[in-house]
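First comes the structure, then the notes that go with it.
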Amino acid sequence: IIPERNRPDLDDVPEDVRQYAYRLTGDLTNPLEIYRRIAEHFRKEFIYTLEPPKAKGDPIVHFLLRSKAGHCEYFASAAA
């Protein structure tokens, strides 16, 4: 469980990203299991590239919900 002071404000997370996260990990409570599911999901469903497609709007929303292609900053931001 993330300490309160380190948790993101859910109001700052777009609704479609929240729904995506809940669908992916909402049945889990163990942080290690959550990490493993996210890592496996990224490994199977996403592509690493140094030339990601240009995003319209929020780049992380675009990465998660549309392009599924990006570099380390996209993967790290989306996982967080």
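For this structure, a couple of remarks:
- Contact map, region 39-55: residues that are surrounded by fewer than 10 Cβ atoms within 10 Å (Cβ to Cβ) paired with residues that are of a type in the set (A, V, I, L, M, F, W, C), Cβ distance under 9 Å, separation 6+ or inter-chain. Pairs shown: Glu51/Ala69.
- Leu65 being part of a helix (DSSP H, G or I) and in contact with an Asp or Glu (Cβ under 8 Å, 6 or more places away or on another chain): yes
- Pick from region 1-14, criterion over 13 Å from Ala78 (Cα atoms), of a type outside the set (A, V, I, L, M, F, W, C) and open to solvent by less than 90 Å² (accessible area, probe 1.4 Å), ranking: modelled with the lowest pLDDT: Pro3
The values are calculated or read from the model by the stated rules, or taken from the named source; none is laboratory data. Predicted model, so just to flag it, every value in this text is computed and none were measured. Note that we place each Cβ from the backbone using ideal geometry, even for glycine, and neighbour counts take in every protein chain shown. Ligands, DNA and RNA are stripped out before the accessible areas are found, and what is left, the full protein with its side chains, is counted by its heavy atoms. Shrake-Rupley method; radii C 1.70, N 1.55, O 1.52, S 1.80 Å.
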